[in-house]
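To keep things clear, I will list the structure first and then write my remarks on it.
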Amino acid sequence: MLKRRGFKTLSFNPAEYLIFPSDMDRAFEESIYELLKKYSFRIFIRDVIKNRKSFSIENLLKYSTREWVERYLDFLLKRGVVEDIGDEKYRLKSTTVFSFGDTLEWFIAKVFEREFSSPALWGVRLRGAKAGGDYDVITSVEGRIVYVEVKSSPPKNVEEYEVASFLKRVEELKPDVAIFLEDTKLRMKDKIVPFFEGFLKGKRFRVKRLRDEIFGIKDKVFISNSKPDIVNNLSFCIQRNLTRKGFWQ
C-alpha cells in the first residue's frame, strides 16, 4: 500500500531502542504487552529510563505507590531488563535507550496486531517522504492505511512545530485515518487542540469534540489522550471512521 503511494520503506521496527531485548520469548512479550496497557506501568517505565544509570525505589514513587513500584521492579529484575548494582540501587541494562518513545510505538503497533488483527510497522522511515521525520506507526485496518503519531510526553512538552510536522506527514502520506495520540490523562483541549485549530484556520475544517478528550476532524484525523485507556480510545477512533457514512452513501 505504501509502494502504491510512491514510497519505499527504508527502515522500520528499530528494536535496538526498545527497553526490553528484541529476542524476548513469547511469554515475556505477552507479559510486557499486558503490563504496557496499564498507565501506571508506562509512567513507571518512563521514570526508569529517566534515571536509567542509577535509581532507587524512592526515585520512582512520584506517580506510583511503593507496592506497585516494587512489583514492577521485581518483574524487570527477573526478566533482566534492569540490574541490581548494590546499596538498594538499580540501573537499566540497555545503553541505547534514552526515551520511552520507541517502546511506546512498539506497543501501539502490537495493539493493532493483537486487538484489531491488523499488520503494523513502527518507527517507519520512507524514501520519497519530504515532510521529514519518521512515521511512528503505520498499519492497515480493513484495507485502510492508518497512521498514528505517538507522543510519550505530557502536553506541556509538545510544541506547535510537532503538530505542524504531523499534519505535513498526513498530507503527504494521505492515509485513510490519522491519529495524534498522546499518552497522558491530561486534557487535550487546553494546548494541543488549539494548535490544530490554528493550523486549520481558513481551511473550513472544524475540530470537534467527539467524546471526553477525543477530538475529530471530518472523522479522518483524530486527537486523543489515553484516558480511560489506549486500546479503548484507538478502537473508538477506528470505529468512528469505519461507520462515518451510512450503508447507501
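The values are calculated or read from the model by the stated rules, or taken from the named source; none is laboratory data. Computed from a predicted structure; not experimentally measured. Cβ coordinates were reconstructed from backbone atoms using ideal geometry, including for glycine residues, and neighbour counts include every protein chain displayed.
Yes or no: F215 among the aromatic types (F, W, Y), under 14 Å from V146 (Cβ atoms) and under 18 Å from the mean Cα position of the chain (by Cα)?
Judged against the criteria, F215 is not a match.
If you go through segment 74-94 one residue at a time, do you hit one that is hydroxyl-bearing (S, T, Y) and within 30 Å of S235 (Cα to Cα)? Spell out the reasoning first.
Keep residues of segment 74-94 that are hydroxyl-bearing (S, T, Y), which gives 90, 94.
Subsequent filtering for residues that are within 30 Å of S235 (Cα to Cα) retains none.
No, segment 74-94 contains no residue that is hydroxyl-bearing (S, T, Y) and within 30 Å of S235 (Cα to Cα).
Within segment 35-57, restricting attention to residues that are assigned to a helix (DSSP H, G or I) and among the aromatic types (F, W, Y), which residue is surrounded by the most Cβ atoms within 10 Å (Cβ to Cβ)?
Checking each candidate, the answer is F44.
When you scan segment 20-34, do you find a residue that is surrounded by 13 or more Cβ atoms within 10 Å (Cβ to Cβ), outside the structural domain of V124 (by TED's automatic domain parsing), part of a helix (DSSP H, G or I) and among the polar types (S, T, N, Q), even just one?
yes
Please specify each residue of segment 70-120 satisfying the condition of being of a type in the set (D, E) and surrounded by fewer than 22 Cβ atoms within 10 Å (Cβ to Cβ).
E70, D74, E83, D84, D87, E88, E113, E115
Residues to consider are L173, L121; find the one that is closer than 27 Å to I19 by Cα and of a type outside the set (D, E).
Answer to the selection: L121.
Among the residues of segment 1-51, write down those that are farther than 28 Å from P175 by Cβ and of a type in the set (G, A, S).
Result: A27, S31, S40.
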